[in-house]
1. Wrap a convex hull around the Cα atoms of region 206-284, take a quarter of its surface area, and give that in square nanometres.
2. Work out the FRET efficiency for Ala137 and Ser415 from their Cβ-Cβ distance, taking R0 = 51 Å, and round it to the nearest 0.05.
3. For the chain, take the longest principal axis of its alpha carbons; what is the angle in degrees between that and the long axis of helix 213-222, to the nearest 10 within 0 to 90?
4. Within the chain, what whole-number % of the accessible surface is contributed by carbon and sulfur, with the 1.4 Å probe and all protein chains included in the calculation?
5. May I ask for the equivalent-ellipsoid semi-axes of region 122-240, computed as the square root of five times each C-alpha gyration tensor eigenvalue and listed largest first in whole Å?
6. Can you tell me the length gained on complete extension of the stretch Val49 to Thr390, counting 0.36 nm per residue apart and subtracting the Cα distance?
7. Counting alpha carbon pairs within less than 8 Å and at least 6 residues apart, what relative contact order, in whole percent, applies to the chain?
8. Calculate how steeply helix 119-129 sits against the longest principal axis of the alpha-carbon atoms of the chain, using the helix alpha-carbon long axis, and give the answer as 0 to 90 degrees to the nearest 10.
Amino acid sequence: MRGLNGVALALLAACGALAVGCDARPLAPMDDAQVGYLRSAPSRRAALVASLVNPRNGYSALRLARYASGDDGDWDRLDAWNPRVAAIELDAPIASALPADARALTLRDEATWDPSTSLVALGEAAFFRYPAQLAPATLVALSSDDADRYGLWRDAARGVGGLVRAEVPNGAVLALTCATCHADVVDGQLVAGLPSARFDLGLLLADAGAADATIDANLRAWGPGRVDVTTDDASLPERFGDLRPARFLSHLQYDATVRQLDVVSLAIRVETLIITAHGQQLRPPRVVALALAQYLWSLADGMPAPRDVASRGRVLFEARCATCHAGDALTSAPRPLAEIDTDPTLGLSPDRGTGFYRVPSLRGVGARPSLFHDGALPNVDALLDPSRVTDGYRGGARGAGAVNGHSFGLDLAPSDRAALADYVRAL
């Protein structure tokens with residue numbers, strides 16, 4: 001992880017969380033690729049190489065140098081971290097000892113994991129409980145006012161914002177999980193995988209003390225639901241991703257940096273994300289990374305089926321949108337930057353750039369709190385509003401001014417745009 005001295009910035013794609021007991025749910029035996037991921041460094045290496053779209057960018061170069069490489073600094077040699085964790089207690093010291101009943105999940109040796117044990121159940125526990133990223137050390141207690149200030153969700157069963165206390169040699173520290181950024185309460189129900197609309201990670205990090213005034217200003221400018229995972233100065237925030245349709249995607253990351261060939265591709269993405277988020281000092285147990293990937297794939301099963309709300313909207317969608325957002329998955333292969341014509345900064349990034357944008361799945365798009373890779377637009381209506389490409393537009397998260405790119409449908413008559421928006425919101 002580059003930037004901010006390794007502070008918590010890697011929370012966009014799948015992260016992890018490992019916890020206290022899991023329900024036993026049946027799962028088919030693992031396939032050869034999954035077994036190879038757990039047991040064989042050459043298999044892991046081959047899967048990584050196959051998944052990298054641009055081996056010359058910074059993201060790929062780091063992983064090719066460190067992941068199952070057999071060289072000094074090989075991440076395979078890091079200790080697997082499976083700490084005891086406990087739910088956060090508001091208005092209580094964080095750095096105190098954990099309660100006696102706090103425990104980590106008991107794992108078999110990860111190379112001989114019993115495939116009859118449900119990876120999905122383990123992954124669900126991990127999503128809400130594994131310390132994917134430590135919170136700033138200056139945050140030694142979390143008050144009710146803090147929870148409100150930073151926009152953390154609350155749920156009677158799952159606690160506050162997916163935060164946990166994780167055991168370390170000198171006590172316990174506050175940690176963020178996948179669910180901190182990738183879950184939210186909607187109509188009283190906690191929805192796993194949905195971006196957290198109110199969580200302001202930038203504000204939390206700025207309050208902890210930024211390195212200089214420029215970084216402090218950039219962090220405070222992120223606003224809720226955004227994070228910068230690539231720059232040193234926190235100047236390029238992206239929106240928290242919607243993980244619910246992860247299984248439908250052919251590529252991961254907004255600039256299509258990683259091919260998702262199978263669940264192992266996602267497991268490697270999860271594993272290396274957690275490693276870099278912890279300063280390349282530790283790794284999650286590999287079975288946890290695989291379980292998280294399996295759980296993320298399972299989230300698609302819980303998504304509501306698209307509703308065919310208006311025949312006119314469907315006709316317009318098939319004519320204007322279905323080339324890219326095709327089939328039941330409502331996605332397709334990555335598209336060249338020039339074809340989409342949005343801000344090319346991300347797609348040309350030396351860290352992650354490929355020259356392409358990933359095509360997001362539109363399944364569940366109506367529930368997302370923002371659109372575009374940086375969350376520049378609040379909803380589908382704004383996406384189809386022609387005024388957004390004018391200099392006088394004031395509805396974007398980037399500040400005053402035009403939000404250009406992805407102009408498909410802006411030339412339609414108002415009634416057609418309304419019909420198309422109604423249809424898209426119901427997907």
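1. Quarter of the Cα hull surface area: 6.3 nm².
2. Working: r = 56 Å, r/R0 = 1.09.
E between Ala137 and Ser415, to the nearest 0.05, is 0.35.
3. 70 degrees
4. Values: 8990 of 17140 Å².
Here carbon and sulfur together make up 52 percent of the probe-accessible area.
5. Values: eigenvalues 101, 63, 36 Å².
So the three semi-axes of region 122-240 are 22, 18, 13 Å.
6. Working: separation 341, 0.36 × 341 = 122.76 nm, distance 4.28 nm.
Value of the extension gain: 118.5 nm.
7. Numbers: 913 pairs, mean separation 83.5, N = 427.
Relative contact order for the chain comes out at 20 percent.
8. For helix 119-129, the angle is close to 90 degrees.
The values are calculated or read from the model by the stated rules, or taken from the named source; none is laboratory data. Since the model is a prediction, treat every value here as computed from it, not as a measurement. All Cβ positions, even for glycine, are placed from backbone atoms using ideal geometry, and neighbour counts span all protein chains on display. With ligands, DNA and RNA removed, areas are computed over all heavy atoms of the protein, side chains included. Shrake-Rupley method; radii C 1.70, N 1.55, O 1.52, S 1.80 Å.
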